[in-house]
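Just below is one structure, and these are the notes that go with it.
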Amino acid sequence: MDSMFWNRQVETLERTALETLQLERLRLRIANALRTPLYQKRLFRAGITVPEDIRSLEDVRKIPFTVKDDLRQSYPKGLLAVDMKQVVRVHSSSGTTGIPTVIFYTQGDLDRWTELLARGIVASGATAGDVFQNMMSYGLFTGGLGLHYGAERVGLTVIPVGGGNTQRQLQIMKDFQTTSLHITPSYLLHIHGRMAEFGINLSDLSLKRAYMGAEPHSEPTRQKLQELYKMDIFNCYGLSEMNGPGVAFECHCKADPHVWEDAYIVEIVDPATGEPLPDGEIGEAIFTNLIREALPLLRYRTRDLAFIHPEPCACGRTHRRLSRIQGRTDDMLIINGVNVFPSQIEEVLMSIPEVGNNYMIHLTSRNGLDRLTVQVELYQKLFTGDLSQIDTLKGTIKDRLRASITINAHIELHEPGALPVFEGKAKRVVDERERL
Amino acid sequence: MKIKQISVFLENRKGRLSEICSMLGAAGVNIRALTIAETETFGVLRMVVDKPAAAMDAFRTHSVTANQTEVVAVEVPDTPGGLAKVLDILTDNDLNVEYMYGFVEKFTENALLVFRFDDPEKAHQTLKANGVNVVGEHDIESL
């Protein structure tokens, strides 16, 4: 069934040959990296002055980690390893946490990235004749354009709708007999609830499959959506630092996505020590981009916690599979789709004199909606004995939090000393949400 | 004559009220009147005690969030319509009661009630002028 492979030769490459290819490409990227001041300094310090200093694939561990902050510090062009004239595309993160991170691509970079998406699309069973409705937002975000070019390369009919406008999305799905979607799990859930409102029945549609990404989701969520839509849903993993979507893509087995290992070196390490962990153990996923020359990123810490499946997949691909994301090593919370840093909550609380220094953030979920509870201690000296004072205080905290993080929090006031006190690093976030 | 009321912020936690009362017991403080205003997650315990200063000391020692306010303790005839008469005086004089509660025990033929007014001084004068007996701090201590 060669129809299920875009590039059977590479996708089923024997492990030793795959690793030889990885080493070869790693040296190319080292050569690119040595052209940037940041990597030159770091690699020199690690004893790597020429690509040949990487003698085996194990030598990848000599390379220091790269973190997101390195990208921010290098804004806008500090990590650019080619002449700007060679750059044909720029993508960027939204920069909600401060300085955006920027990714550059040469035409070759885009071609190699597009190849990976073509592999994923074909692995899902899609082919020329399928109508692909891309419901991810286009623009600086990599999610839209990444799949777009991959689908075109395979020969699908691409409808670049972008995100939003549910009524139009459904109308297009119906009128053009869309078979394949690229969408976030939350939007897919949302749309189902609104089909009746726009007079669309599932039987009016021709959906066969959806590529779901950009948001972590669980197996039960996939199952539920597959039931609701009577279609196959494929999980795809990516991050803009590693080009965007398509770093890992599920095949028809739907048993977690294959990391395209000719394009990436994936390592799982203990987030605390940086030491490698064996396949099957959960740790931080570290990626080295082997296919991008414009902006090399070596041993990039994703902060995503995951594990690598030790067993081969039934599909015959030799590229190992990455588990679903089990969590994040950093503390960013995604509450009802909004990115929230505990520091933002702390900032609000600490600006209110009646609030003591200790606080806790509790997250729970009900009917698919997240609920944020902020527990604070009342500052003893400002207690007047009035119930109305306390109600006003709760209202103030709630209002200021909403202004800062756009979320309606439930506020709980406690006596001073009632909340846990931490020695060393505080663990103020308790996340009891059911994972989607 | 105004008397001291102590308000304690209480989180809604099992055994917390008992802890507070034990602190007072250990400090030799006797509770004369009390009430609890409560919401879903916390409450405010209000009380009149025989030795307010000692109570506040005990609370400070145990880091209890407490505050003192002034209230007026009023003797109300323990007969049908007794409270209504006192309240009529207040209404006629445009005095607002924020909240009120009763003493634990009766010390005379009259019932003893604690009133919190937004203007305790005016309330005190008005009640006295209308022949209502207002109990002083000294009286509470020696009850």
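The values are calculated or read from the model by the stated rules, or taken from the named source; none is laboratory data. Note that the structure is predicted; figures quoted are calculated from it, not measured. Every residue, glycine as well, gets a Cβ built from its backbone with ideal geometry; the counts of neighbours run over all protein chains shown.
Conditions tested, residue by residue: (1) part of a helix (DSSP H, G or I); (2) touching a helix residue (DSSP H, G or I) at 6+ places or on another chain (Cβ under 6 Å).
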{"site": "A:192", "(1), (2)": "yes, yes"}
{"site": "A:215", "(1), (2)": "no, yes"}
{"site": "A:221", "(1), (2)": "yes, yes"}
{"site": "A:237", "(1), (2)": "no, no"}
{"site": "A:248", "(1), (2)": "no, no"}
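In the same structural domain as residue B:119 (by TED's automatic domain parsing), of a type outside the set (Phe, Trp, Tyr) and closer than 24 Å to residue B:118 by Cβ: is that true of residue B:45 in this structure? Talk me through it step by step, then tell me what you get.
Working: in the same structural domain as residue B:119 (by TED's automatic domain parsing): no; of a type outside the set (Phe, Trp, Tyr): yes; closer than 24 Å to residue B:118 by Cβ: yes.
Against the criterion (in the same structural domain as residue B:119 (by TED's automatic domain parsing), of a type outside the set (Phe, Trp, Tyr) and closer than 24 Å to residue B:118 by Cβ), residue B:45 does not qualify.
Conditions tested, residue by residue: (1) out of contact with any helix residue (DSSP H, G or I) (no Cβ under 6 Å at 6 or more places or on another chain); (2) modelled with pLDDT under 95; (3) surrounded by fewer than 21 Cβ atoms within 10 Å (Cβ to Cβ).
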{"residue": "A:273", "(1), (2), (3)": "yes, yes, yes"}
{"residue": "A:278", "(1), (2), (3)": "yes, no, yes"}
{"residue": "A:282", "(1), (2), (3)": "yes, yes, yes"}
{"residue": "A:285", "(1), (2), (3)": "yes, no, no"}
{"residue": "A:289", "(1), (2), (3)": "no, no, no"}
{"residue": "A:295", "(1), (2), (3)": "yes, no, no"}
{"residue": "A:305", "(1), (2), (3)": "yes, yes, yes"}
{"residue": "A:309", "(1), (2), (3)": "yes, no, yes"}
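Could you tell me whether any residue of segment B:62-78 is surrounded by fewer than 13 Cβ atoms within 10 Å (Cβ to Cβ), in contact with a helix residue (DSSP H, G or I) (Cβ under 8 Å, 6 or more places away or on another chain), closer than 30 Å to residue A:375 by Cβ and within 14 Å of chain A (Cβ to nearest Cβ)? Quick ask: steps written out before the conclusion?
Let us first name the residues in segment B:62-78 that are surrounded by fewer than 13 Cβ atoms within 10 Å (Cβ to Cβ), namely B:63.
Within this subset, residues satisfying the condition of being in contact with a helix residue (DSSP H, G or I) (Cβ under 8 Å, 6 or more places away or on another chain) are B:63.
Add one more test, that the residue is closer than 30 Å to residue A:375 by Cβ, and what stays is B:63.
This time we only want the ones that are within 14 Å of chain A (Cβ to nearest Cβ), so: B:63.
Scanning segment B:62-78, I find at least one residue that is surrounded by fewer than 13 Cβ atoms within 10 Å (Cβ to Cβ), in contact with a helix residue (DSSP H, G or I) (Cβ under 8 Å, 6 or more places away or on another chain), closer than 30 Å to residue A:375 by Cβ and within 14 Å of chain A (Cβ to nearest Cβ), so the answer is yes.
With more than 12 Å from chain A (Cβ to nearest Cβ) and either among the acidic types (Asp, Glu) or more than 30 Å from residue A:416 (Cβ to Cβ) (or both) as the only criterion, which of B:104, B:134, B:49, B:114 stands out?
B:134
Please verify whether residue A:65 is modelled with pLDDT of 95 or more and touching an Asp or Glu at 6+ places or on another chain (Cβ under 7 Å), treating the condition exactly as stated. Quick ask: steps written out before the conclusion?
On the way: modelled with pLDDT of 95 or more: yes; touching an Asp or Glu at 6+ places or on another chain (Cβ under 7 Å): no.
When the stated conditions are applied, residue A:65 does not pass them.
Please specify each residue of segment A:304-359 satisfying the condition of being within 30 Å of residue A:11 (Cβ to Cβ) and either among the aliphatic types (A, V, I, L, M) or touching a Cys at 6+ places or on another chain (Cβ under 7 Å) (or both).
A:305, A:306, A:308, A:313, A:314, A:315, A:317, A:321, A:322, A:325
Just checking, which of A:281, A:311 is assigned to a loop (DSSP other than H, G, I, E, B) and free of Cβ contacts under 8 Å to residues at least 12 places away in the same chain?
Matching residue, one of A:281, A:311: A:311.
Right, residue A:318: outside any loop (DSSP other than H, G, I, E, B), within 27 Å of residue A:111 (Cβ to Cβ), of a type in the set (Ser, Thr, Tyr) and in the same structural domain as residue A:76 (by TED's automatic domain parsing) or not?
No; evaluated as a whole, the condition is false for this residue.
Considering only residues that are within 14 Å of chain B (Cβ to nearest Cβ), in a strand (DSSP E or B) and not hydrophobic (A, V, I, L, M, F, W, C), which ones fall in segment A:364-379?
A:373, A:375, A:377
Name the single residue that is nearest to residue A:118 (Cα to Cα) among those in segment A:1-38 being in a loop (DSSP other than H, G, I, E, B) and of a type outside the set (Val, Ile, Thr).
The residue in question is A:6.
Report, by residue number, each residue of segment A:39-63 that is under 14 Å from residue A:299 (Cα atoms) and in a helix (DSSP H, G or I).
Within segment A:39-63, A:39, A:42, A:43, A:57, A:58, A:59, A:60, A:61, A:62 meet the criteria.
Please list, ordered by first then second residue, the pairs with beta carbon atoms under 8 Å, 6 or more apart or interchain, first in segment B:3-19 and facing another protein chain (nearest Cβ under 9 Å) and surrounded by 14 or more Cβ atoms within 10 Å (Cβ to Cβ), second in a helix (DSSP H, G or I) and not aromatic (Phe, Trp, Tyr).
B:6/B:52; B:6/B:55; B:6/B:56; B:8/B:20; B:9/A:390; B:10/B:16; B:10/B:17; B:10/B:20
Scanning segment B:26-46 for residues that are more than 15 Å from the chain's Cα centre (by Cα) and at the interface with chain A (Cβ under 10 Å from one of its Cβ atoms), which turns out farthest from residue A:376 (Cα to Cα)? Explain how you work it out, then say what you get.
So the first thing to find is which residues in segment B:26-46 are more than 15 Å from the chain's Cα centre (by Cα), and the list is B:26-28, B:38-43.
Checking which are at the interface with chain A (Cβ under 10 Å from one of its Cβ atoms) leaves us with B:38-43.
Working: B:38: 18, B:39: 16, B:40: 15, B:41: 12, B:42: 12, B:43: 15 Å.
Among those that are more than 15 Å from the chain's Cα centre (by Cα) and at the interface with chain A (Cβ under 10 Å from one of its Cβ atoms), it is B:38.
Being within 21 Å of the chain's Cα centre (by Cα), acidic (Asp, Glu) and crowded, with 16+ Cβ neighbours inside 10 Å: is that true of residue A:115 here?
When the stated conditions are applied, residue A:115 passes them.
All but one of (1) within 14 Å of chain B (Cβ to nearest Cβ); (2) surrounded by 15 or more Cβ atoms within 10 Å (Cβ to Cβ); (3) in a helix (DSSP H, G or I) hold for residue A:345, so report the exception by its number.
With respect to (1) within 14 Å of chain B (Cβ to nearest Cβ); (2) surrounded by 15 or more Cβ atoms within 10 Å (Cβ to Cβ); (3) in a helix (DSSP H, G or I), residue A:345 is out only on (1).
Is there a residue being assigned to a loop (DSSP other than H, G, I, E, B), within 14 Å of chain A (Cβ to nearest Cβ), of a type in the set (S, T, N, Q) and crowded, with 18+ Cβ neighbours inside 10 Å anywhere in segment B:83-98? Can you show your working first?
Within segment B:83-98, the first condition is being assigned to a loop (DSSP other than H, G, I, E, B), and the residues that meet it are B:93-96.
With the extra rule that they be within 14 Å of chain A (Cβ to nearest Cβ), the set shrinks to B:96.
Now drop any that are not of a type in the set (S, T, N, Q), which leaves B:96.
Filter again for crowded, with 18+ Cβ neighbours inside 10 Å, leaving none.
Taking every residue of segment B:83-98 in turn, none turns out to be assigned to a loop (DSSP other than H, G, I, E, B), within 14 Å of chain A (Cβ to nearest Cβ), of a type in the set (S, T, N, Q) and crowded, with 18+ Cβ neighbours inside 10 Å.
From (1) assigned to a loop (DSSP other than H, G, I, E, B); (2) more than 9 Å from chain B (Cβ to nearest Cβ), pick out the condition that doesn't hold for residue A:359.
Among (1) assigned to a loop (DSSP other than H, G, I, E, B); (2) more than 9 Å from chain B (Cβ to nearest Cβ), residue A:359 violates only (1).
Applying the selection to segment B:11-36, what residues are at pLDDT below 90 and in contact with a Ser or Thr (Cβ under 9 Å, 6 or more places away or on another chain)?
B:11, B:12
Matching residues to (1) among the hydrophobic types (A, V, I, L, M, F, W, C); (2) assigned to a strand (DSSP E or B); (3) touching a residue at least 12 places away in the same chain (Cβ under 8 Å):
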residue: B:25; (1), (2), (3): no, no, no
residue: B:47; (1), (2), (3): yes, yes, yes
residue: B:124; (1), (2), (3): no, no, yes
residue: B:138; (1), (2), (3): no, no, no
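Among the numbered conditions (1) farther than 29 Å from residue A:197 by Cα; (2) surrounded by 20 or more Cβ atoms within 10 Å (Cβ to Cβ), tell me where residue A:134 comes up short.
All conditions are met except number (1).
From the list A:356, A:385, A:417, A:337, which one is among the small types (Gly, Ala, Ser) and more than 25 Å from residue B:66 (Cα to Cα)?
Sole residue among the options that is among the small types (Gly, Ala, Ser) and more than 25 Å from residue B:66 (Cα to Cα): A:337.
Among residues belonging to segment B:52-61 that are among the hydrophobic types (A, V, I, L, M, F, W, C) and within 13 Å of chain A (Cβ to nearest Cβ), point out the one that is nearest to residue B:2 (Cα to Cα).
Among them, the one singled out is B:56.
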